[in-house]
Structure formats: structure tokens, C-alpha cells
Amino acid sequence: MKLSEEKLSSEKVFGGRIFDVCVDVVALPDGGRAVRECVRHPGGAAVLFVRDGSIALVKQFRYLYGEELYEIPAGKLDAGEDPRSAALRELEEETGYRAAECKHIMDIYPTPGYTDEVIHIYCVESARFVGQNLDEGEFLGVEFVPADEVAAMIFRGEIKDSKTICAVLAHFFGKTLPKKA
């Protein structure tokens with residue numbers, strides 16, 4: 001059996017500044033039909049900034065969870081924006097560090113059950129401080145935390161953000177895993 005679904009119709013029920021919501025009707029592999037509620041998101045870029053054995057974490061209040069979260073610097077892609085450029089932009093805006101180079105680590109699908117969002121994750125190991133330039137209404141602190149402590153924070157449940165967890169695990173295990181062909 002072919003494991004795919006074909007879109008038969010789509011209705012946009014909400015158009016927002018960050019994402020749209022559509023209700024799609026799809027044909028299932030067995031010939032049946034189903035409704036899919038879809039959050040359409042332009043995607044994002046994130047940066048694992050490693051400096052002298054420490055990882056840059058931003059700490060900010062996330063309204064929907066009602067708590068402060070530790071995360072790696074990240075943000076939404078602007079229309080037509082290259083993910084690598086967005087990652088470098090977000091690093092500078094959120095931490096104040098400007099990097100000329102970054103290396104792609106991986107792409108992740110944070111919540112494949114209802115959104116098409118892709119987060120492109122990069123790594124930076126060299127940057128110079130030029131000053132933070134936060135977006136209007138953005139409030140966050142920056143901390144450089146030893147990489148081993150960041151890993152411990154993940155396993156103690158203090159870091160819950162999926163892109164951060166994926167990036168940190170890639171940092172620790174990426175050098176020993178086989179590379180994608």
C-alpha cells in the first residue's frame with residue numbers, strides 16, 4: 001500500500017502574521033477521505049553557537065507555556081529568506097554576536113502532526129560581539145553555559161525546547177555518527 005495522501009480541497013480559515021490555518025480534505029491510501037487541520041508556517045532558522053566549550057542559550061518567557069525557557073537563538077524566516085542568512089541574523093539580533101560563517105547541522109520537523117514548519121539548524125564556532133538588536137517586544141537574556149551542563153540540563157528536564165535538544169545532541173554525537181550521503 002502506498003503511504004501518501006492527496007489533497008482534494010483546502011480552505012484557509014485563519015491568516016495571521018506568523019502562520020495560516022487551513023482545513024484540507026485529503027484522499028487516504030485506502031480510498032477514504034479525511035480532514036486535516038494544517039498550520040502553514042514559513043519555517044525558521046536556529047543557531048548552536050559554541051564558544052570556548054560553552055553554548056549560547058537565550059532565556060525568555062514563552063506565553064503559551066507560562067514559563068521561562070532556555071533555547072538556542074532562533075527565529076522565523078522572512079518571505080524568500082535564505083535559512084543560513086536568517087540563522088546569522090537571529091544570532092546577531094538575539095545574542096549580539098556576528099558570525100561570517102555557519103555550518104548546517106540538520107533540518108527538523110518540530111510537530112509533523114499538524115504543521116509544515118521546518119527549522120533549519122546551524123552551528124557557529126566563531127563570532128565577534130557587536131551588540132544585541134532585539135525585535136520590538138522581544139525580551140530575553142543570554143547565557144554561555146558549559147556544553148556538559150547544557151546536556152545535563154536537558155536530561156534534568158530544564159531544557160524542553162525541541163530545536164535546542166536536537167542541536168545539542170547533534171553537537172555531542174554528530175562527530176561519531178555516519179554522515180548523510
Identify all residues within region 38-51 that are at negative phi, surrounded by fewer than 23 Cβ atoms within 10 Å (Cβ to Cβ) and out of contact with any Gly (no Cβ under 7 Å at 6 or more places or on another chain); write none if there are none. CYS38, VAL39, ARG40, HIS41, PRO42, VAL50, ARG51
Quick check on GLY113: is it touching a Gly at 6+ places or on another chain (Cβ under 6 Å) and either surrounded by 13 or more Cβ atoms within 10 Å (Cβ to Cβ) or of a type outside the set (Val, Ile, Thr) (or both)? no
So which of THR115, THR164 ends up being more than 25 Å from GLY174 (Cα to Cα) and in contact (Cβ under 8 Å) with a residue 60 or more places away in the chain? THR115
If I filter region 76-90 for residues that are over 18 Å from the mean Cα position of the chain (by Cα) and of a type outside the set (S, T, N, Q), do I get at least one hit? no
Can you spot a residue in region 150-159 that is among the β-branched types (Val, Ile, Thr), assigned to a loop (DSSP other than H, G, I, E, B) and surrounded by 15 or more Cβ atoms within 10 Å (Cβ to Cβ)? yes
Please count how many residues of region 89-109 are in a loop (DSSP other than H, G, I, E, B) and open to solvent by 40 Å² or more (accessible area, probe 1.4 Å). 3
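Residue by residue, here is whether (1) closer than 22 Å to VAL118 by Cβ; (2) at pLDDT 95 or above; (3) within 17 Å of the chain's Cα centre (by Cα) holds:
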{"site": "VAL21", "(1), (2), (3)": "yes, yes, no"}
{"site": "ARG33", "(1), (2), (3)": "no, yes, no"}
{"site": "VAL39", "(1), (2), (3)": "yes, yes, yes"}
{"site": "PHE49", "(1), (2), (3)": "yes, yes, yes"}
{"site": "VAL58", "(1), (2), (3)": "yes, yes, yes"}
{"site": "PRO73", "(1), (2), (3)": "yes, yes, yes"}
Output the number of residues of region 112-126 satisfying the condition of being assigned to a loop (DSSP other than H, G, I, E, B) and closer than 21 Å to ASP78 by Cβ. 3
Taking PHE129 as meeting all but one of (1) under 18 Å from the mean Cα position of the chain (by Cα); (2) surrounded by fewer than 16 Cβ atoms within 10 Å (Cβ to Cβ); (3) farther than 25 Å from LYS160 by Cβ, write down the number of the exception. (1)
Report, by residue number, each residue of region 132-155 that is more than 26 Å from ASP82 (Cα to Cα) and either within 17 Å of the chain's Cα centre (by Cα) or of a type in the set (A, V, I, L, M) (or both). VAL145, ALA147, VAL150, ALA151, ALA152, MET153, ILE154
Any idea which residue in region 52-80 is most open to solvent (accessible area, probe 1.4 Å), counting only those that are more than 20 Å from GLU92 (Cβ to Cβ) and either without any contact (Cβ under 8 Å) to a residue 24 or more places away in the chain or not hydrophobic (A, V, I, L, M, F, W, C) (or both)? TYR63
Name every residue in region 106-130 that is under 20 Å from PRO146 (Cα atoms) and not polar (S, T, N, Q), in order of residue number. ILE121, TYR122, CYS123, VAL124, GLU125, ALA127, ARG128, PHE129
With the checklist (1) open to solvent by 60 Å² or more (accessible area, probe 1.4 Å); (2) in contact with an Asp or Glu (Cβ under 7 Å, 6 or more places away or on another chain) in hand, flag the one item VAL23 doesn't pass. (1)
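The values are calculated or read from the model by the stated rules, or taken from the named source; none is laboratory data. Everything numeric here is computed off the predicted structure, so don't read it as measured data. Quick reminder, even Gly has a Cβ in these numbers, built from the backbone with ideal geometry, and neighbours come from all protein chains shown. Protein only, heavy atoms only, side chains kept; ligands, DNA and RNA dropped before computing areas. Shrake-Rupley method; radii C 1.70, N 1.55, O 1.52, S 1.80 Å.
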